[in-house]
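The values are calculated or read from the model by the stated rules, or taken from the named source; none is laboratory data. What you see is a predicted model, and the numbers here were worked out from it, not measured in a lab. FYI the Cβ positions are ideal-geometry reconstructions off the backbone, even for glycines, and counts take in every protein chain you see. To get the accessible areas, we keep the full protein, side chains included, count just its heavy atoms, and leave off ligands, DNA and RNA. Shrake-Rupley method; radii C 1.70, N 1.55, O 1.52, S 1.80 Å.
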2 protein chains.
Amino acid sequence: MDLLITNARPMGAEPADILIRDGRIAAIGPDLAAPGVAVEDAGGRIAIPGLVDAHTHLDKSLLGWPWYVNAVGPRLIDKIDNERAVKKAYGLDPHLQSMRQVLQSMAFGTTLIRSHVDVDTEQGLAAIEGVMRTRQALAGQVEIQIVAFPQSGQMPRPGTAELLDEALAMGADLIGGIDPCAMEKDPKGHLDTVFALSQKHGKPIDIHLHEPGELGAFSMEMIFERTRALGMSSRVAVSHAFCLGFGDWQRTQGLIDTCAELDIPILTTAPASRDVPMVLRVTGAGVRMGAGNDGFRDTWGPYGDGDMLERAMFVGMRNNLRRDDELAVAMDICTTMGARAIDVADHALTVGGRGDLVLVEGETVAEAISIRKPRKLVVATGRVTARDGATLTAVP
Amino acid sequence: MDLLITNARPMGAEPADILIRDGRIAAIGPDLAAPGVAVEDAGGRIAIPGLVDAHTHLDKSLLGWPWYVNAVGPRLIDKIDNERAVKKAYGLDPHLQSMRQVLQSMAFGTTLIRSHVDVDTEQGLAAIEGVMRTRQALAGQVEIQIVAFPQSGQMPRPGTAELLDEALAMGADLIGGIDPCAMEKDPKGHLDTVFALSQKHGKPIDIHLHEPGELGAFSMEMIFERTRALGMSSRVAVSHAFCLGFGDWQRTQGLIDTCAELDIPILTTAPASRDVPMVLRVTGAGVRMGAGNDGFRDTWGPYGDGDMLERAMFVGMRNNLRRDDELAVAMDICTTMGARAIDVADHALTVGGRGDLVLVEGETVAEAISIRKPRKLVVATGRVTARDGATLTAVP
């Protein structure tokens, strides 16, 4: 939990030493001395805070399996039904798969993860249990938030609400939800269930909202209504929120302003093929934003490997961020602001900040995102967890 | 020019040997024998045709220079004016810079490049001369098509047309053009000049068309009009063509159908932040498509490194291609169809095809795009040009 990093460039600034004590940054400055504390020479590399994957699915990855030849149909429900079938056919172990994904992400410098984890009437709580074991196994190396997530739908599948209730009692940190109209076909029923479970367990909400345009705006307004009525400002997050990228400027601005008013953070994966919340616009309105890799190496699609520096690049590309000062925003969303967006404070290279950092290659933060070389060193709460692109803990 | 590749999997199919004689594929099959011919063991890797970068700018890269801190304004003209100023301030050598870019691209497996090269009244023909020297220096290792390109505008800068005329006489292969309305502010004047130069030199056309929506549709129709009137079917290409990604389905379909009728290929970079031609729609209508990296490591933006496998991924992500059979289309656009789109036939792993190939890692073509590991071997017309991600020719 104590570590001295010498000759690092915090966020690309002038070289400095960084002293971590008891898992927190105790000092940043030239020529720090800390007798008896382990030392790592950063060699002039840039130090950034630990990367934050604010939206992923740790129970879906097929890492370690042969390439999955994707021949899945075009609808959301095709992908969901196919995934349940594949999980069963493979006999997928959520603990093993989530270990593999988390360790791969850690090797890329991720120290903080919010994962949605499927709860459904076929597999019950097996995925929640598996990811909880992974969280336990890697405690101190990475911090994992678990969202109990009704991927297959809650209203259409009786028994799901009870399982979600159990998941929260067992230790899931948040209650999830999914497209109240498009998936659930009962926005009132679904949102009332989700908010009731949140209230019962005193745990916050993170809702998947893929619905585009007016449909998404409608669902968003139903979320606003409940957030306001229940006094749940700062307790409700929305993932994807494609409707905030809708073309009607004025309509969209109203939604964004209400997210700011109710302190509803937006978590994006910045997909290239969809309308998405524009990060400069949304953060400019005062809304917290985080980014995530979503699932990868799974039955949903062929892209991604868990690298949040790559996600910062995708955020930059989707938002047409070209200037170095714009890429700094993408980096913020994947580190400090991303942590705030999932309710983790002080995740920054400042005195008192969490002792998580990554040494990356490049002259500037923008170049680090551009070239994405293997990470020299990853530190979580003062403990070295990965070197030269590989974790110290072996991948099972 | 003669080479035997053993134990390769052409496009991911069953293992076979591939014999190249006189720069062309002479045979594909099991246990080929070719006494006296050099042998390379593919070790069961996938063989794909040489990658085709159908739209790039070899004279713009800052490879080899320190990271360029981008603080450029938001308009197209800001980027163009800034670039001319930077080129002058750095004293950039178009030959050296294009050598660096081409060799980096070759290391990633590119064997065929169409490059737009700036012609303007400040630098005259220096960039054309520089890239022509590069083409000469790397002859036999990579094929380079040069488009004489009025990046800074032709109508607003008197003397540019004469320079373009000279560039074509000197050896540029195609005449370029740029946004007839938005940049040139005189669509009739600009397109008449471009088509007249094409007719005078008997060389084809490749026009940059960034104009979105109805403006781009208008310019596109002026291009159609001249293509038809001059009997120039198959002689005119359009790069970017954002207007083909316009939301008005019927209007856009008319434009796509006319591209098919006049055999106008579309060259895309699949940017995540713009409306773009959808590849399944456009190729489904019978239009040839190619893809390119555009400039990279330049004053325009921070993304990209010349890897056309990465571009295949970007094409896939922008177009929401998830299935393996859909990613095969992205690969086709970056290899065989991409070559056809820039008027190079027989660029395929078939008997009689050009002897260009790349050995890539992965179980399937889709996985090769997903993981993008360093290329084991790159072959251009039967000659090994790169191994394990590095060219045999040193980078200056």
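Could you tell me whether any residue of the stretch B:183-190 is open to solvent by 10 Å² or more (accessible area, probe 1.4 Å), assigned to a loop (DSSP other than H, G, I, E, B) and under 16 Å from B:LEU76 (Cβ atoms)? Write out each step before concluding.
Residues of the stretch B:183-190 that are open to solvent by 10 Å² or more (accessible area, probe 1.4 Å), as a first pass: B:183, B:185-189.
Restricting the remaining residues to those that are assigned to a loop (DSSP other than H, G, I, E, B) gives B:183, B:185-186.
Now restrict to residues that are under 16 Å from B:LEU76 (Cβ atoms): B:183, B:185.
Within the stretch B:183-190 (the criterion being open to solvent by 10 Å² or more (accessible area, probe 1.4 Å), assigned to a loop (DSSP other than H, G, I, E, B) and under 16 Å from B:LEU76 (Cβ atoms)), the answer is yes, since at least one residue qualifies.
Picking from B:MET337, B:MET313, which residue would you name as being part of a helix (DSSP H, G or I) and open to solvent by 10 Å² or more (accessible area, probe 1.4 Å)? Before you say what the answer is, go through the steps one by one.
Numbers: B:MET313 fails: open to solvent by 10 Å² or more (accessible area, probe 1.4 Å).
When all the criteria are applied, what remains is B:MET337.
In the list B:ASP356, B:ASP346, which residue meets the criterion of being under 20 Å from the mean Cα position of the chain (by Cα), modelled with pLDDT of 95 or more and surrounded by fewer than 19 Cβ atoms within 10 Å (Cβ to Cβ)? Let's see the steps before the verdict.
Details: B:ASP356 fails: surrounded by fewer than 19 Cβ atoms within 10 Å (Cβ to Cβ).
From the options B:ASP356, B:ASP346, the qualifying one is B:ASP346.
Identify, by number, the condition in (1) free of Cβ contacts under 8 Å to residues at least 24 places away in the same chain; (2) more than 14 Å from every other protein chain (Cβ to nearest Cβ); (3) open to solvent by less than 60 Å² (accessible area, probe 1.4 Å); (4) among the small types (Gly, Ala, Ser) that B:GLY43 doesn't meet.
With (1) free of Cβ contacts under 8 Å to residues at least 24 places away in the same chain; (2) more than 14 Å from every other protein chain (Cβ to nearest Cβ); (3) open to solvent by less than 60 Å² (accessible area, probe 1.4 Å); (4) among the small types (Gly, Ala, Ser) applied to B:GLY43, the lone miss is (1).
Quick check on my filter: what residues within the stretch B:322-353 are within 14 Å of chain A (Cβ to nearest Cβ) and under 20 Å from B:ALA380 (Cβ atoms)?
Pass one, the stretch B:322-353, residues within 14 Å of chain A (Cβ to nearest Cβ): B:322-331.
Within the stretch B:322-353, just B:MET331 meets the criteria.
Considering only the stretch A:218-234, state which residues are open to solvent by 50 Å² or more (accessible area, probe 1.4 Å) and in contact with a helix residue (DSSP H, G or I) (Cβ under 7 Å, 6 or more places away or on another chain).
Hits for the stretch A:218-234 are A:LEU230, A:SER233.
Which condition number does A:ARG45 fail, the rest of (1) touching an Asp or Glu at 6+ places or on another chain (Cβ under 8 Å); (2) assigned by TED's automatic domain parsing to the domain that holds A:MET331 being met?
For A:ARG45, the failing item is (2).
Quick grid of which residues meet (1) under 16 Å from the mean Cα position of the chain (by Cα); (2) more than 22 Å from A:VAL378 (Cα to Cα):
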{"site": "A:GLN97", "(1), (2)": "no, no"}
{"site": "A:GLN104", "(1), (2)": "yes, no"}
{"site": "A:GLY109", "(1), (2)": "yes, no"}
{"site": "A:GLN123", "(1), (2)": "no, yes"}
{"site": "A:GLY130", "(1), (2)": "no, yes"}
{"site": "A:ARG135", "(1), (2)": "yes, no"}
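Sort through A:ALA330, A:ALA270, A:ALA312 and tell me the only one that's at pLDDT 95 or above and under 24 Å from A:PRO204 (Cα atoms).
A:ALA270
If you scan the stretch B:373-396, which residues turn out to be outside any strand (DSSP E or B), open to solvent by 30 Å² or more (accessible area, probe 1.4 Å) and more than 14 Å from every other protein chain (Cβ to nearest Cβ)? Spell out how you get there, then give the answer.
Step one: list which residues in the stretch B:373-396 are outside any strand (DSSP E or B), which gives B:373-376, B:381-382, B:388-389, B:392-396.
Keeping just the survivors that are open to solvent by 30 Å² or more (accessible area, probe 1.4 Å) gives B:373-374, B:376, B:381, B:388-389, B:392-396.
Hits for the stretch B:373-396 are B:LYS376, B:THR381, B:ASP388, B:LEU392, B:THR393, B:ALA394, B:VAL395, B:PRO396.
Could you please find all residues in the stretch A:316-330 being of a type outside the set (A, V, I, L, M) and assigned to a helix (DSSP H, G or I)? Before you say what the answer is, go through the steps one by one.
In the first step, residues of the stretch A:316-330 are kept if they are of a type outside the set (A, V, I, L, M); the result is A:316, A:318-320, A:322-326.
Those that are of a type outside the set (A, V, I, L, M) and assigned to a helix (DSSP H, G or I): A:GLY316, A:ARG318, A:ASP324, A:ASP325, A:GLU326.
Cβ contacts < 6 Å: first residue closer than 15 Å to B:GLY91 by Cα and in the same structural domain as B:LYS60 (by TED's automatic domain parsing), restricted to the stretch B:121-149; second residue modelled with pLDDT under 95 and surrounded by fewer than 21 Cβ atoms within 10 Å (Cβ to Cβ), any location; separation 6+ or different chain. Result?
B:GLU122/B:ARG84
Can you go through A:LEU32, A:LEU19 and tell me which one is open to solvent by less than 60 Å² (accessible area, probe 1.4 Å), over 30 Å from B:GLY362 (Cβ atoms) and not in a loop (DSSP other than H, G, I, E, B)? Quick ask: steps written out before the conclusion?
Numbers: A:LEU32 fails: not in a loop (DSSP other than H, G, I, E, B).
Unique residue meeting the criteria: A:LEU19.
Does B:GLU326 satisfy the condition of being within 20 Å of B:ALA16 (Cα to Cα) and free of Cβ contacts under 8 Å to residues at least 60 places away in the same chain?
On the way: within 20 Å of B:ALA16 (Cα to Cα): no; free of Cβ contacts under 8 Å to residues at least 60 places away in the same chain: yes.
Taking the combined requirement at face value, the residue does not satisfy it.
State all residues of the stretch B:192-206 that are hydrophobic (A, V, I, L, M, F, W, C) and surrounded by fewer than 21 Cβ atoms within 10 Å (Cβ to Cβ); if no residue qualifies, say none. Explain how you work it out, then say what you get.
In the first step, residues of the stretch B:192-206 are kept if they are hydrophobic (A, V, I, L, M, F, W, C); the result is B:194-197, B:205.
Of everything in the stretch B:192-206, just one residue is hydrophobic (A, V, I, L, M, F, W, C) and surrounded by fewer than 21 Cβ atoms within 10 Å (Cβ to Cβ), namely B:ALA196.
Would you say A:ASP356 is more than 13 Å from A:PRO49 (Cβ to Cβ), out of contact with any helix residue (DSSP H, G or I) (no Cβ under 6 Å at 6 or more places or on another chain) and either within 14 Å of chain B (Cβ to nearest Cβ) or in contact (Cβ under 8 Å) with a residue 24 or more places away in the chain (or both)? Can you show your working first?
Numbers: more than 13 Å from A:PRO49 (Cβ to Cβ): no; out of contact with any helix residue (DSSP H, G or I) (no Cβ under 6 Å at 6 or more places or on another chain): yes; either within 14 Å of chain B (Cβ to nearest Cβ) or in contact (Cβ under 8 Å) with a residue 24 or more places away in the chain (or both): yes.
No; evaluated as a whole, the condition is false for this residue.
Whether any residue in the stretch B:363-372 is open to solvent by 10 Å² or more (accessible area, probe 1.4 Å), in a helix (DSSP H, G or I) and in contact with a Phe, Trp or Tyr (Cβ under 7 Å, 6 or more places away or on another chain) is what I want to check.
Checking the stretch B:363-372: at least one residue is open to solvent by 10 Å² or more (accessible area, probe 1.4 Å), in a helix (DSSP H, G or I) and in contact with a Phe, Trp or Tyr (Cβ under 7 Å, 6 or more places away or on another chain).
Answer with yes or no whether B:PRO212 is touching a Cys at 6+ places or on another chain (Cβ under 7 Å) and open to solvent by 10 Å² or more (accessible area, probe 1.4 Å).
Working: touching a Cys at 6+ places or on another chain (Cβ under 7 Å): yes; open to solvent by 10 Å² or more (accessible area, probe 1.4 Å): yes.
The answer is yes for B:PRO212.
Can you tell me which of A:GLU367, A:GLU310 is within 11 Å of chain B (Cβ to nearest Cβ), of a type in the set (D, E, K, R) and over 30 Å from A:ILE256 (Cα atoms)?
Matching residue, one of A:GLU367, A:GLU310: A:GLU367.
For the stretch B:266-298, enumerate the residues that are of a type in the set (S, T, N, Q), more than 7 Å from chain A (Cβ to nearest Cβ) and either in contact with a Lys or Arg (Cβ under 7 Å, 6 or more places away or on another chain) or open to solvent by 20 Å² or more (accessible area, probe 1.4 Å) (or both). I'd like the intermediate steps shown before the answer.
Step one: filter the stretch B:266-298 for residues of a type in the set (S, T, N, Q), giving B:268-269, B:273, B:283, B:293.
Next cut, more than 7 Å from chain A (Cβ to nearest Cβ) only: B:268-269, B:283, B:293.
Residues satisfying the conditions are B:THR283, B:ASN293.
Can you find even one residue in the stretch B:197-219 that is closer than 12 Å to B:VAL117 by Cα and aromatic (Phe, Trp, Tyr)?
No; the residues of the stretch B:197-219 include none that is closer than 12 Å to B:VAL117 by Cα and aromatic (Phe, Trp, Tyr).
Suppose we filter A:GLY36, A:GLY23 for residues that are out of contact with any strand residue (DSSP E or B) (no Cβ under 8 Å at 6 or more places or on another chain) and small (Gly, Ala, Ser); which single one remains?
Values: A:GLY23 fails: out of contact with any strand residue (DSSP E or B) (no Cβ under 8 Å at 6 or more places or on another chain).
Of A:GLY36, A:GLY23, the one residue that is out of contact with any strand residue (DSSP E or B) (no Cβ under 8 Å at 6 or more places or on another chain) and small (Gly, Ala, Ser) is A:GLY36.
How do the pairs read when you match residues in the stretch A:1-29 that are basic (Lys, Arg) with residues anywhere that are open to solvent by less than 50 Å² (accessible area, probe 1.4 Å), using Cβ under 6 Å and keeping only pairs 6 or more apart or on different chains?
A:ARG9/A:ILE46; A:ARG24/A:GLY355
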